[in-house]
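Following: one structure in structure tokens, then a few remarks.
The values are calculated or read from the model by the stated rules, or taken from the named source; none is laboratory data. All of these numbers come straight from a predicted model, not from anything done at the bench. Ideal geometry is used to build each Cβ from the backbone, glycine not excepted, and the neighbour counts take in all protein chains shown. These accessible areas exclude ligands, DNA and RNA; they are computed on the full protein's heavy atoms, side chains included. Shrake-Rupley method; radii C 1.70, N 1.55, O 1.52, S 1.80 Å.
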6 protein chains.
Amino acid sequence: MNVVVRNIRRADPAVVEAYSGIGVATVHEAQGRKGLLASTMRPIYRPCHIAGTAVTCEMAPGDNWMLHVAVEQCRKGDILVAAPTSPCEDGYFGELIATQLQTRGVAGLILEAGCRDVAELTKMGFPVWSRSVFAQGTVKETVGNVNMPLVCAGQLINPGDLIVADDDGIVVVRRKDAANVLKLSQEREEKEAKSRQRYLKGELSLDVNNMRGKLAERGLKYIDNPPED
Amino acid sequence: MNVVVRNIRRADPAVVEAYSGIGVATVHEAQGRKGLLASTMRPIYRPCHIAGTAVTCEMAPGDNWMLHVAVEQCRKGDILVAAPTSPCEDGYFGELIATQLQTRGVAGLILEAGCRDVAELTKMGFPVWSRSVFAQGTVKETVGNVNMPLVCAGQLINPGDLIVADDDGIVVVRRKDAANVLKLSQEREEKEAKSRQRYLKGELSLDVNNMRGKLAERGLKYIDNPPED
Amino acid sequence: MNVVVRNIRRADPAVVEAYSGIGVATVHEAQGRKGLLASTMRPIYRPCHIAGTAVTCEMAPGDNWMLHVAVEQCRKGDILVAAPTSPCEDGYFGELIATQLQTRGVAGLILEAGCRDVAELTKMGFPVWSRSVFAQGTVKETVGNVNMPLVCAGQLINPGDLIVADDDGIVVVRRKDAANVLKLSQEREEKEAKSRQRYLKGELSLDVNNMRGKLAERGLKYIDNPPED
Amino acid sequence: MNVVVRNIRRADPAVVEAYSGIGVATVHEAQGRKGLLASTMRPIYRPCHIAGTAVTCEMAPGDNWMLHVAVEQCRKGDILVAAPTSPCEDGYFGELIATQLQTRGVAGLILEAGCRDVAELTKMGFPVWSRSVFAQGTVKETVGNVNMPLVCAGQLINPGDLIVADDDGIVVVRRKDAANVLKLSQEREEKEAKSRQRYLKGELSLDVNNMRGKLAERGLKYIDNPPED
Amino acid sequence: MNVVVRNIRRADPAVVEAYSGIGVATVHEAQGRKGLLASTMRPIYRPCHIAGTAVTCEMAPGDNWMLHVAVEQCRKGDILVAAPTSPCEDGYFGELIATQLQTRGVAGLILEAGCRDVAELTKMGFPVWSRSVFAQGTVKETVGNVNMPLVCAGQLINPGDLIVADDDGIVVVRRKDAANVLKLSQEREEKEAKSRQRYLKGELSLDVNNMRGKLAERGLKYIDNPPED
Amino acid sequence: MNVVVRNIRRADPAVVEAYSGIGVATVHEAQGRKGLLASTMRPIYRPCHIAGTAVTCEMAPGDNWMLHVAVEQCRKGDILVAAPTSPCEDGYFGELIATQLQTRGVAGLILEAGCRDVAELTKMGFPVWSRSVFAQGTVKETVGNVNMPLVCAGQLINPGDLIVADDDGIVVVRRKDAANVLKLSQEREEKEAKSRQRYLKGELSLDVNNMRGKLAERGLKYIDNPPED
């Protein structure tokens, strides 16, 4: 049976909004180096940064029908996350669906397939992370699921999970971890800001992070270049 | 025998010109979802859009000699379409050949191989769609063919066919179909413009395109999220 | 044994500086079509151009510890060249190490692995050529080598060799060849400038480079298009 | 926190055993065309066919420590399913761990990474489906999880789920669906056996499956080849 | 409009049969190094060798309906050549269609998509060259074309053309060239047989093919290894 | 200048012979996890195992002329190692050159390009590790180098270095390290044989290698499955 799940539980909007400007690499580190989608997913333009709650969409290969269905389930602050049931690089998404999503306040699209109309999407400022850019059209024959758990680019995405995406890629944070990971991410940012100040003055991470002793323990030797050969 | 075919028949220049601004995705849909080159072909800069008539060039792997030969067969409004006889990512093309082509009024290059001098080409505004960017030089030892039918990135290209290329990729339209596909493309654009207006007001493609009945027929169900787990 | 070699011999700084603005394709041709790194290495932003002397860094897969070590061995005018001992696309490098390198006057990084913080690196103007963009973090557990000969993206790089990198890719010039290749590159640029002037006036490389005779010898025939089919 | 979950619930052994000889393609169709792992996962030798219950293992990139931990959680009739937290093609698995698994009655390994000792594994008759064959060794530094839900080659695998793998690839069946999908698979096999008999006598699927009418409806036309050109 | 062309003209069966045992590499060289399909097409088992006349089949992505239609157009001595209109690795073909083809005397299948049931096909001795092995099922919704010219794996295939396929790959020979290329292939085989005899006695191709003079002309020097470093 | 270096120094033949039967994974571990060529290099048949001394050959892309030159420099016990100066998958090598090499007692070929005649090579028992199988022919126009240091599949190979290749891949051992790495490899094999005996009796590597304490230290917890959900 194929279903559309309405009224999913979403990560707290106040928490989601606070992720604004926090990078994917930071979030990924803060939650213990997990949750990254595959690096084959690339943004159609840069720079870009979005954070929002996942509405998930499972589609048949070469068939974008369910994207149209998913649009209706999206609200302001959501990010649509869509994947085909078999690998496909066809152009599932273009500016007409983007117009609907943007009108509803959706922040962007994560699409493990192909995107088209990238010039128009860039002009509109609607960011898409996709596996390919390809004009190949799709059909509307087969139904799938909206807001069921979904594997997208190697990660399990639950509806309502927090998604952060930027130039570096995409990370998923479980809905219930969103507040805690936010706090850890902010702490990490503060710590990094302090390190950055020291590095700008010429200090080295070797010293700032006390690496020299451990390096010697592991057997690293320093030698001088032998005389000219 | 290797030949250069002169004075090929080309799609009507007035028709070709009218494709200005019509996107690859639109043309591809208008002619029945066919004619797209493989998505491995990417533009060296974005945004970009060209339409023109194909001059074809078949080259030996690692040998760009025939590109020099092909230049002479190109006229204002043409697009050079070149492919090696065996897969190759070497840098067949750079700004010196581009200068010759641009001086002759050629709109751009479709190259199923590598391109180099991409910074200079970007500055010149000469667009290239290629399989790779690679500085690797080529030799000038083996002859090939100009203006013979050619398979490029998975599509058969006849000399004089219409080529449209933009940020989404490349599509070929048969010479004799160019006028008819133009009409269908323009109709499609008008229809899409109307839909866009409705989407901007918050309407959904589910309703604009009457999808709800067919979705129900195919068994799609709507359910509400179960209470908190 | 793992070592850090200090005080390596570097290509002459005056020679290195003179490579400013000379493209990778030109250098590669000038030294006899050799020294190019694989085309899988792409710059994180464009346009970009750097020339500098190589400091090499061999790292364990998924472990960026030695990058921190390598920073200290870098001086103004260097380019850090780093590769893992097994293929890896993890994000070894981000803006904190970049800040240290930029503060020391390092021109850029060649990294046969993944890069992250690409938005920040773009803003800082610190160019990186990498195999992937990926936020995946790394550990600091295993030591490697700094300033030992290293294979990076298919080329052997010796510490102190000259590296030139731009939008087209990366080329290595042996330290002792740097001055001679500079001279050959400059000659090539002058010759190309003259050709460009002729091409801008409508001349063809077929004539400028006297290709017509050799083409005929190799059996190339010119024919006119047959009458309409 | 990293955990090893002991005494997982497994699909019914009698049901699992009944999958013996039922192909992956059949199971995949019988459960509604879902559950296939990516086609990048290939068996190290052919022919091969196994069915068993999943023990899952999440490992750090370049680190096979958790495979050693997972062995102890495996019983007769299990299949070990392992994936790294970041893409990695290193050789996580060889004949020494295989010996332990085979001694315990484990049917085979699904490994989204590299395998080595493939000649020995072939001789032992211990089948492995992996992303690559690569001798590259791994370290034992970082802990992960055993018997937690895991995404492997694009599919979510729960501990205790049924896995069927053969020359065509790998399919996962949810633990609770195992009995029902078995019944559907067997029905499908019987139906196919009947069709096969008819095809062997020269009948066509066009007729056996009544396709001609629907094809005509969709507009398919039959024409004869024009006279010799 | 989608069509099935019946009663195509085929290469002469006596000529086709004479290709038995002549390798793809030989045919490719004999016809002037052209006609090879991309190396991404691999046989599902080895060794294998077939020669036959092409029946072509164009299919929608993820839809194998037209394969069923194409079966009826195949005769003894044919090879079915099938490609989707957009890149797809789904499993279009398995043993049930193979049974129909084999019953009709078809020699094998060239499929620019995925194949399944490879264990059964191997047992049946029905060879397939495909882009992937993947159990993913397809639908039967969209019609395409049979016996229209088709681009498959980078080569244009006309219905009735000669196809030769073996462990090395696949080559197409135009219908009208089949007899002439056969003669050239046989001459090449005879010449190679003579060379082989000389090589078995210890002679070198350097001498058998008189290469030494030309090598010296191109500047190749022989030097002895320097004394121990 | 292009050179052929004659009479290179080779690893001691007695030492080389003693590598017979020692696997690539073992040698790679014994010498400290280094020296592996990229996993993109695959044997044309399995099982296979060779050990020998490297004769290196650098070739132009699409040009196999230097392979003919290199044959003459090969002796009994050598392995030819060949790579193009730019990535190329053309079929550089077939049974005619193999016949010459086999007649001279050469053990096999490592070829970072394409191989053809793989059925014949399999029948002859001449093993080749290559990047692709492709019938595409090459030309004989450009000279290169024999017995100069060469980067092949990501590793620097010096003439005379020891090469071991088997089903798992290829490893290079520096000429001067050959004896020492042999000793370490044999010790490793003995140690593994002892472990294997214990594993066959049901012992676990967790205990044989004392891993339990360190795992607990790193925070690994064991829990029992929660009651049925």
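Points worth noting:
- Other protein chain C-beta atoms within 10 Å of residue C-beta, averaged over C:217-225: 6.
- Using the Cβ of D:Thr26 as centre and a radius below 14 Å, the other residues enclosed give a net charge of -4, where K and R count +1 and D and E count -1.
- Residues whose amide H falls under 5 Å from that of D:Tyr222, counting only those 5 or more places apart or on a different chain, are E:Val4, with hydrogens built in the peptide plane.
- Backbone phi angles across the stretch A:113-130, fed through the Karplus curve with coefficients 6.51, -1.76 and 1.60 (θ = phi - 60°), yield HN-Hα couplings of 6, x, 10, 10, 6, 5, 5, 5, 4, 5, 4, 6, x, 10, x, 10, 9, 9 Hz in residue order; Gly and Pro are listed as x.
- Shape class for the stretch B:49-127, computed from the alpha carbon gyration tensor (a ≥ b ≥ c): oblate, with a/c not under 1.5 and a/b at or below b/c.
- Whole-Hz ³J(HN,Hα) from phi, Karplus 6.51 cos²θ - 1.76 cosθ + 1.60, for the stretch B:13-20, glycine and proline x: x, 5, 5, 4, 4, 5, 6, 3
- Summed over both chains, the area buried between D and E is near 3600 Å², taken from the accessible surface of protein heavy atoms with a 1.4 Å probe.
- Taking all protein chains into account, the per residue accessible area for the protein assembly as shown stands at 37 Å² (1.4 Å probe).
- Within-11-Å neighbourhood charge of B:Leu121 [Cβ basis; K, R +1; D, E -1]: -3
- Solvent-accessible area lost in complex, 20 Å² minimum, residues of the stretch D:58-79 relative to chain alone, 1.4 Å: D:Pro61, D:Trp65, D:His68, D:Val69, D:Glu72
- Taking the accessible area of the protein assembly as shown, probe 1.4 Å, and keeping the other protein chains in place, the carbon and sulfur fraction comes to 50%.
- Length-normalised contact order of chain A in % [C-alpha pairs under 8 Å, at least 6 apart]: 29 percent
- For E:Pro149, label point 7 Å along C-beta direction: distances to other copies, nm: 0.1, 5.3, 5.3, 5.3, 5.3
- Of the GluC sites (Glu not before Pro) found in the stretch F:161-229, the ones in coil according to DSSP and having at most 15 other Cβ atoms within 10 Å of their Cβ are F:Glu203, F:Glu228.
- Going from the isolated chain to the complete set of protein chains, the stretch F:1-42 loses at least 40 Å² of heavy-atom accessible area (1.4 Å probe) at F:Val4, F:Val5, F:Arg6, F:Arg9, F:Ala25, F:Arg33, F:Leu36, F:Ser39.
- Cα pair count fraction exceeding 23 Å, expressed as % - chain D: 51 percent
- Here the stretch D:85-166 was treated as a single set of alpha-carbon atoms; its pair distances binned every 5 Å from 0 give 3, 13, 22, 26, 23, 11, 1 percent.
- The stretch F:134-189: C-alpha gyration tensor shape, a/c 1.5 cut-off, then a/b vs b/c: oblate
- Inter-centroid distance (Cα atoms) of the stretch E:110-176 relative to the stretch D:171-201, Å: 26 Å
- Each other copy places its own label point for F:Asp177 at 2.6, 3.9, 5.0, 5.0, 5.9 nm from this one, sorted shortest first, where the point lies 7 Å along the Cα-to-beta carbon line.
- GNM result for chain D, Cα springs below 10 Å: residue of D:Ser205, D:Ser132, D:Ser86 fluctuating most strongly: D:Ser205
- Report summary: the helix-based calculation at 222 nm, which adds -39500 (n - 2.57) for every DSSP H run with n ≥ 4 and divides by the residues of chain F, gives -8500 deg cm²/dmol.
- For the stretch B:24-71 versus the stretch D:1-22, the spacing of their alpha-carbon centroids is 52 Å.
- Descending Cα extents along the principal axes, the protein assembly as shown, whole Å: 83, 80, 59
- Residues in the stretch A:11-41 reached by a label modelled at B:Asn225 [backbone nitrogen below 12 Å; 7 Å Cα→Cβ]: A:11-13
- Highest GNM mean-square fluctuation among F:Tyr199, F:Tyr45, F:Tyr19, for chain F modelled with Cα contacts below 10 Å: F:Tyr199.
- For the stretch D:145-177, accessible area lost to neighbouring protein chains reaches 20 Å² or more, against the chain alone with a 1.4 Å probe, at D:Val151, D:Gly154, D:Leu156, D:Asp167, D:Asp168, D:Lys176.
- Take every Cα pair under 8 Å whose residues are at least 6 apart in sequence, average their separation, divide by the length of the stretch B:130-229, and the relative contact order is 10 percent.
- Modelled FRET efficiency - R0 51 Å, B:Glu17 with A:Glu17, Cβ distances, 0.05 increments: 0.55
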